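One structure is given here, and the rest of the page talks about it.
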Amino acid sequence: MKMLLLSLSIVFFVSVPPDTIYASSSEIAILFSGEELGALQPCGCYEGQLGGISRRDAFIDLLKKQKNQVFPASLGDLTKGSGRQDEIKMETLCRALGFMGYVLHNLGEKDIEMSPRVLSFLSQSQNMEFLSTNVSIKAPFPVKINQSVVKESLDPDNGVKIAFLGILSKSFLEHHMNEYVTISEPVKALKPFVKQLKNKVNLIVLLSHAPMEESREIAKSFPEIGLIITGHNIEEPKDAITYVHNTPLVSPGMGGRFIGIAKYGVNKKTIERKSVEVVPLDNSYPESQEMVSLLREYQNILKEEGLLNKTPQAPLPNGLAYTGSFACSVCHKMIYDHWYKTTHGTAYNTLVDDGHQYDPECIQCHTTGYGEISGFLNDEKYQNLIHVGCESCHGPGNKHRENVNDDYGSTDEATCLKCHDSEHSPTFQFNEYWKRIAHPKVPMKKYPQTIESQ
């Protein structure tokens with residue numbers, strides 16, 4: 001929490017009343033994102049990655065320059081865990097959303113699993129409001145949650161009011177409830193607010209942190225709602241836009257890779273929907289320097305807090321331990337020299353080049369044995385375990401050094417998939433990738449006696 005308070009001290013504040021949007025355009029745009037799950041930026045593991053807060057900020061800035069009046073909103077689930085790195089990520093994302101002009105963040109189940117102390121701090125210190133119509137949190141630390149948020153433009157000719165409501169599906173919290181959280185049935189919680197708002201605002205928007213089917217049933221119950229932002233675990237949101245009567249139900253997808261946009265024309269204080277779409281955030285959008293600076297600060301916080309050294313280390317079975325790739329070179333020099341020229345042999349350098357060498361989430365797949373006893377822990381004392389070394393594929397090698405004739409080192413596709421997963425390596429094909437790292441064929445021989453550790 002100390003670092004949270006320190007990092008907050010340089011947050012960019014915008015002195016605009018929270019219930020007011022200044023603009024004079026005849027078109028407004030409701031932007032929406034959600035389920036970032038901690039994805040601050042593309043990890044860089046492959047070309048063509050989508051998303052990132054830097055591109056999102058550039059997209060929003062471009063829309064504003066086109067004289068659109070913009071209302072950005074967040075559907076929920078900023079992170080996917082509740083550890084210290086997730087806490088730092090959540091604050092970083094809240095600060096980013098506030099700087100981008102987000103009017104609110106609807107709470108998801110991942111947000112609520114965060115420490116009540118962290119939620120309390122963020123709900124009262126950020127330039128963005130927390131929203132939930134059916135969730136309340138009564139913790140030792142007060143959490144400020146709005147049941148509804150109304151925004152009003154100040155265009156004297158075409159002023160309109162937009163009301164935002166937000167719900168969280170009870171199904172997502174059934175196994176994660178704690179004593180501080182109270183959750184109401186969504187339809188029951190929404191009914192009085194929809195009734196009260198329908199004749200007082202021009203548009204009601206619902207952020208429904210729920211499966212698409214549940215949101216569909218809510219739409220049937222409330223035809224007064226003009227837009228429902230929803231979806232959960234939807235990989236390709238462009239294919240998930242649907243309608244109930246005349247109400248669009250649309251998802252922004254996962255991982256911050258897309259941003260949704262609903263455009264409305266405004267004329268004589270009436271509002272008419274023009275389009276609803278989901279846009280992929282590809283590299284055609286430039287990097288926002290404000291977000292680049294915030295991401296750099298995030299990495300500095302990870303370094304200053306020494307999170308690499310604080311990650312729990314799992315024990316290894318049967319007395320196994322890591323020794324480092326150089327130890328293998330004593331007997332396997334030709335193979336070692338070949339490995340050193342592969343991308344595995346330079347994996348750690350790519351993190352250094354990007355300033356991510358203190359990031360536990362990145363370091364695991366760019367070093368040897370991180371997260372296990374005797375594995376990589378930091379670059380000061382564990383230089384022998386940087387890069388994706390021999391033991392990353394073949395396992396801890398101390399016993400093989402003690403008795404080289406023991407069977408050791410078989411590997412298979414399952415080992416590769418620990419890092420070459422769908423998120424970081426979606427084009428992975430075992431047979432093709434294997435050719436890139438296959439060892440040169442070297443005659444192997446049996447040794448008459450064991451070799452002591454060097």
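Screening L308, L385 for residues that are buried (at least 20 other Cβ atoms within 10 Å of the Cβ) and either without any contact (Cβ under 8 Å) to a residue 24 or more places away in the chain or under 25 Å from the mean Cα position of the chain (by Cα) (or both) leaves exactly one candidate, L308.
With respect to (1) over 25 Å from the mean Cα position of the chain (by Cα); (2) modelled with pLDDT of 90 or more, the lone exception for S153 is condition (2). If the condition is being open to solvent by less than 50 Å² (accessible area, probe 1.4 Å) and either in the same structural domain as G83 (by TED's automatic domain parsing) or at negative phi (or both), then region 352-364 contributes H356, Q357, D359, P360, C362, I363.
Each residue in region 403-428 was checked for being under 24 Å from S329 (Cβ atoms), touching a residue at least 40 places away in the same chain (Cβ under 8 Å) and surrounded by 14 or more Cβ atoms within 10 Å (Cβ to Cβ), and 2 pass. Scanning region 216-229 for residues that are closer than 12 Å to L165 by Cβ and in contact (Cβ under 8 Å) with a residue 24 or more places away in the chain returns I218, F222, E224, I225, G226, L227, I229.
Just one of the listed residues (F172, F193) is surrounded by 15 or more Cβ atoms within 10 Å (Cβ to Cβ) and within 21 Å of D77 (Cβ to Cβ), namely F172. Only residues that are part of a helix (DSSP H, G or I) and either of a type in the set (D, E, K, R) or free of Cβ contacts under 8 Å to residues at least 60 places away in the same chain (or both) were counted in region 188-215, giving 13. With respect to (1) open to solvent by 10 Å² or more (accessible area, probe 1.4 Å); (2) under 30 Å from P186 (Cα atoms), the lone exception for T79 is condition (1). Just the residues that are assigned to a loop (DSSP other than H, G, I, E, B) and at pLDDT 95 or above, please, taken from region 222-252. Scanning region 222-252 gives F222, P223, E224, I225, G226, T230, S251, P252. Taking each residue of region 253-273 that is open to solvent by 30 Å² or more (accessible area, probe 1.4 Å) and looking for partners that are in a strand (DSSP E or B) with beta-carbon atoms closer than 6 Å, six or more apart or interchain, yields K263/A29; K263/K274; K263/S275; I271/L203; I271/Y264; E272/G265; R273/Y264.
Do the conditions hold for S208, that is, is it within 15 Å of E35 (Cα to Cα) and at pLDDT 95 or above? For S208, the condition - within 15 Å of E35 (Cα to Cα) and at pLDDT 95 or above - is met. Return yes when S392 is open to solvent by 20 Å² or more (accessible area, probe 1.4 Å), in the same structural domain as T346 (by TED's automatic domain parsing) and at positive phi and no when it is not. Taking the combined requirement at face value, the residue does not satisfy it.
Quick one: which residue in G265, G159, G231, G255 is in contact with a helix residue (DSSP H, G or I) (Cβ under 9 Å, 6 or more places away or on another chain) and under 26 Å from D61 (Cβ atoms)? The unique qualifying residue is G231. Going residue by residue through region 336-351, is there one that turns out to be among the acidic types (D, E), outside any loop (DSSP other than H, G, I, E, B), within 29 Å of G81 (Cα to Cα) and open to solvent by 30 Å² or more (accessible area, probe 1.4 Å)? Within region 336-351 (the criterion being among the acidic types (D, E), outside any loop (DSSP other than H, G, I, E, B), within 29 Å of G81 (Cα to Cα) and open to solvent by 30 Å² or more (accessible area, probe 1.4 Å)), the answer is no, since none of the residues qualifies. Taking region 381-395 as the range and being of a type in the set (V, I, T) and part of a loop (DSSP other than H, G, I, E, B) as the test, only V388 passes. Would it be correct to say that E372 is over 15 Å from H332 (Cβ atoms) and either touching a residue at least 24 places away in the same chain (Cβ under 8 Å) or open to solvent by 80 Å² or more (accessible area, probe 1.4 Å) (or both)? Taking the combined requirement at face value, the residue satisfies it. Restricting to region 247-282, name every residue that is within 20 Å of G226 (Cα to Cα) and aliphatic (A, V, I, L, M). Selection gives L249, V250, I259, I261, A262, V266, I271, V276, V278.
When region 35-72 is filtered for residues that are at positive phi and either without any contact (Cβ under 8 Å) to a residue 24 or more places away in the chain or open to solvent by less than 20 Å² (accessible area, probe 1.4 Å) (or both), the ones remaining, listed by number, are E35, G38, G51, G52.
The values are calculated or read from the model by the stated rules, or taken from the named source; none is laboratory data. Not measured: the values here are computed from a predicted model. As a convention, Cβ positions derive from the backbone with ideal geometry for all residues, glycine included, and neighbour counts pool all protein chains shown. Surface areas here come from the heavy atoms of the whole protein model, side chains and all, with no ligands, DNA or RNA. Shrake-Rupley method; radii C 1.70, N 1.55, O 1.52, S 1.80 Å.
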